[in-house]
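What follows is a set of notes on a single structure, which appears directly below.
The values are calculated or read from the model by the stated rules, or taken from the named source; none is laboratory data. Predicted, not measured: the structure shown is a model, and the values here were computed from it. Glycine also receives a Cβ, built like all others from the backbone with ideal geometry; neighbour counts cover every protein chain displayed. The area values use the complete protein model at the heavy-atom level, side chains included, leaving out ligands, DNA and RNA. Shrake-Rupley method; radii C 1.70, N 1.55, O 1.52, S 1.80 Å.
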Amino acid sequence: MEFIELKDMSHVYYSGMKNEYKALDQINLSVRQGEFVAVIGTNGSGKSTLAKHLNAILLPSSGRCLIRGMDTREEENLWQIRQEVGMVFQKPNPFPKSIFDNVAYGPKLHGLARDKYDLEEIVENSLRKAGLWDEVKDRLSQPGTGLSGGQQQRLCIARTIAVSPE
């Protein structure tokens, strides 16, 4: 089974009654477990739109997007898909919470920590992997939004790493 499979997938943005923009047009793609794929293109060519389909942030206008055989259009699959597919966007988007709570959010939501010590370990390990631990270890209770732009981006990477997406 393919890890990611797009079948004749299209995405159309609508603005107004007759204005539409087809960002993706009948995309077919198969990606196996462990395979790396680069998506390149000019501004407005649909790269971000494609990425948002892989986490079911957007749903196809037509065709299908399957993650491990799970259709992103089926609501019962969303929880597992979003746990398996981590997303970090170009513009950092930390939650209006503490640094600790930003990273702990996903593990709490998905029940990945048995107790507070587990959660503390997940947060520390994720911040270390994102190269942020040494800079924030003494101010974990401060807002993530107070970090510099680069630190916010690494915080978002740590938040994604914390749920161990596939």
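When both residues are 6+ apart or on different chains and their Cβ atoms are under 7 Å apart, which pairs have a first residue that lies in segment 89-103 and is within 10 Å of Leu155 (Cβ to Cβ), and a second that is crowded, with 17+ Cβ neighbours inside 10 Å and among the charged types (D, E, K, R)? Close Cβ pairs satisfying both conditions: Asn102/Arg159; Val103/Arg159.
If I ask for residues that are under 15 Å from Arg68 (Cα atoms) and modelled with pLDDT under 90, which ones from segment 21-34 would you list? Explain how you work it out, then say what you get.
Pass one, segment 21-34, residues under 15 Å from Arg68 (Cα atoms): 29-34.
Answer for segment 21-34, where residues must be under 15 Å from Arg68 (Cα atoms) and modelled with pLDDT under 90: Gln33, Gly34.
The residue list Val85, Val123, Val136 contains one member that is in contact (Cβ under 8 Å) with a residue 60 or more places away in the chain, touching a helix residue (DSSP H, G or I) at 6+ places or on another chain (Cβ under 9 Å) and surrounded by 17 or more Cβ atoms within 10 Å (Cβ to Cβ), which is Val85. Listed by first and then second residue, the pairs linking a residue in segment 153-166 that is open to solvent by 60 Å² or more (accessible area, probe 1.4 Å) to a residue that is aromatic (Phe, Trp, Tyr), with Cβ atoms under 8 Å apart and 6 or more places separating them unless they lie on different chains, are Glu166/Phe3.
Would you be able to say whether some residue in segment 26-34 is under 19 Å from Glu84 (Cβ atoms), within 20 Å of the chain's Cα centre (by Cα), open to solvent by 80 Å² or more (accessible area, probe 1.4 Å) and not aromatic (Phe, Trp, Tyr)? Checked against the condition, which is being under 19 Å from Glu84 (Cβ atoms), within 20 Å of the chain's Cα centre (by Cα), open to solvent by 80 Å² or more (accessible area, probe 1.4 Å) and not aromatic (Phe, Trp, Tyr), segment 26-34 yields at least one hit.
Take segment 93-112 and flag every residue that is among the hydrophobic types (A, V, I, L, M, F, W, C) and open to solvent by 30 Å² or more (accessible area, probe 1.4 Å).
Restricting attention to segment 93-112, the residues satisfying the condition of being among the hydrophobic types (A, V, I, L, M, F, W, C) are 95, 99-100, 103-104, 109, 112.
The answer is Phe95, Phe100, Leu109, Leu112.
All but one of (1) within 22 Å of Ile161 (Cβ to Cβ); (2) of a type in the set (Val, Ile, Thr); (3) assigned to a strand (DSSP E or B) hold for Val12, so report the exception by its number. Among (1) within 22 Å of Ile161 (Cβ to Cβ); (2) of a type in the set (Val, Ile, Thr); (3) assigned to a strand (DSSP E or B), Val12 violates only (1).
For segment 70-79, the condition holds for no residue, the condition being that it is open to solvent by 20 Å² or more (accessible area, probe 1.4 Å), outside any helix (DSSP H, G or I), free of Cβ contacts under 8 Å to residues at least 24 places away in the same chain and over 30 Å from Met9 (Cα atoms). Listed by position, the helices (runs of 4 or more DSSP H) contained in segment 82-166 that have at least 3 residues being among the hydrophobic types (A, V, I, L, M, F, W, C) and out of contact with any Gly (no Cβ under 8 Å at 6 or more places or on another chain) are 99-109, 116-129, 149-161.
Here Gln142 fulfils each of the conditions (1) surrounded by fewer than 14 Cβ atoms within 10 Å (Cβ to Cβ); (2) closer than 30 Å to Ile27 by Cβ apart from (2). Quick check, is Val12 closer than 18 Å to Arg159 by Cα and surrounded by 13 or more Cβ atoms within 10 Å (Cβ to Cβ)? No.
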